[in-house]
Amino acid sequence: MRIAALADTDAGALRRVADRVGPDRTAADYRELVDDPTLDAIAVCVPAQAHAEVALAAIGAGKHVFVEKPLALSLPDCDRMVDAAARAGVCAMVGFNSRRHAQAQRARDAIRRGELGAIDVVQSRLTSFHATVPAWHERRATGGGVLMELAIHHVDLWRWLTGDEVDEVFAYARTGEREDESAVIVARMGRGALATAAFAERTSRTDDVAVFGNGGSVALSLYRFDGYETASPDAVAGDGRARVRAALRFAPSAAVRDAQAAPGEDLPRPVAAFRRRDPRRDAPEPTLDDGRRALAVVLAAAESATTGQRARGAG
């Protein structure tokens with residue numbers, strides 16, 4: 001697979017990216033790419049409020065599509081994208097790159113094998129630092145703020161790791177110079193597990209998820225290459241045995257080889273998965289429906305943060 005063309009309305013940004021990836025050509029209007037019969041797939045990496053417009057045009061032209069998160073800013077737009085892709089028979093994915101992290105995949109396998117037993121609690125934290133952001137990033141309505149930018153990643157991880165849906169959410173959000181600079185969410189999953197999370201975009205960077213079951217727990221620190229931790233139900237966090245086990249996991253070269261050493265290194269992985277997919281044989285993953293369900297939870301959290309009331313999730 002190669003990047004054959006780039007389009008951007010910002011000439012400076014287009015030039016900077018083109019210098020890095022060396023496309024055959026560039027354009028100022030995405031429609032030139034959509035209408036090009038030599039292009040097989042379109043990656044929709046525009047601001048969130050334009051996702052539906054660009055993706056629907058690409059799907060209508062018979063292109064496979066990779067859409068960055070959030071899939072759209074409204075559920076009706078998501079529904080139109082899901083329906084259009086199904087009718088066109090194209091491969092369509094949403095960019096939840098955290099699913100491709102080696103630690104996340106390892107944890108999901110362990111959970112699906114039943115090693116944690118029945119899931120009781122999910123706890124996560126995703127924070128970042130952005131001194132300045134583009135104008136669209138300043139408001140929830142245009143796709144900005146931690147609920148749309150950050151929380152949606154972990155909502156998808158909750159669903160993907162546990163195989164369960166989010167039934168109900170309660171949220172607080174704090175607005176400063178920008179809307180939703182930080183937020184906390186409490187959620188109830190369909191099979192009864194509880195989930196809590198904190199998100200912020202004006203502090204240091206963290207990306208952690210822990211899943212606790214009646215048979216044990218697993219904790220992920222996705223910015224650390226040695227961030228995969230397991231514990232039995234009777235273990236005490238940080239005790240001597242746990243530290244020895246962590247040291248043994250750290251030592252083998254395989255642990256280093258499989259891990260992610262820095263934020264962002266998992267970004268190419270969804271694209272590689274997209275390349276391998278054949279819509280005639282298997283469904284793309286994460287699907288557009290995954291994107292819709294995660295958005296439904298985030299929209300419910302935004303509603304809760306505004307009204308001070310609980311809101312229904314994606315279940």
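Taken together, the values in this text are just the output of simple stated rules run on the coordinates, not laboratory data. These figures come from a predicted structure and were not determined experimentally. Reconstructed Cβ throughout: ideal geometry from the backbone, glycine too, with neighbour counts over all protein chains shown.
Hey, what do the phi angles of region 86-99 turn into as Karplus ³J(HN,Hα) couplings, whole Hz, using 6.51/-1.76/1.60 and θ = phi - 60°, x for Gly and Pro?
Running phi through 6.51 cos²θ - 1.76 cosθ + 1.60 with θ = phi - 60° gives 5, 5, 7, x, 9, 7, 9, 10, 10, x, 8, 5, 4, 4 Hz.
Once R0 is set to 22 Å, what does the formula 1/(1 + (r/R0)^6) return for the Cβ-Cβ distance between GLU285 and ASP120, expressed as a FRET efficiency to the nearest 0.05?
0.25
Where in region 209-239 does the amide nitrogen come within less than 15 Å of the point 7 Å from the Cα of ARG106, taken along Cα to Cβ?
209-211, 217-231
Fewest to most neighbouring Cβ within 10 Å: what's the order for VAL166, VAL17, VAL90?
Going from least to most buried by this count: VAL17, VAL90, VAL166.
Sorting TRP136, TRP160 on the 10 Å Cβ count, fewest up front, what's the list? Don't skip to the end; give the middle numbers.
Working: TRP136 15, TRP160 21.
Sorted ascending by nearby Cβ count, the order is TRP136, TRP160.
Separation between the THR38 and GLU303 pseudo-spin-labels, each 7 Å from Cα along Cα→Cβ, expressed in nm?
My value for the distance between the label points is 4.8 nm.
Counting other beta carbons within 10 Å of each residue's own, what order do CYS91, CYS78, CYS45 fall into, fewest first?
By the 10 Å Cβ count, ascending, the order reads CYS45, CYS91, CYS78.
Find the relative contact order for region 43-106 and round it to a whole percent, using C-alpha pairs within less than 8 Å whose residues are 6+ positions apart.
Over region 43-106, the number comes to 34 percent.
Starting from the Cα-Cα distance between PHE129 and ARG113, subtract it from 0.36 nm times their residue separation and give me the gain in nm to one decimal.
2.1 nm
Starting from the 7 Å offset along Cα-to-Cβ, what nm value, one decimal, do you get for the label separation of ARG191 and ASP29?
5.1
If I model a spin label at ASP19 and THR203 as a point 7 Å from the Cα along the Cα→Cβ vector, what separation in nanometres do I get?
Simple spin-label model gives 3.6 nm for this pair.
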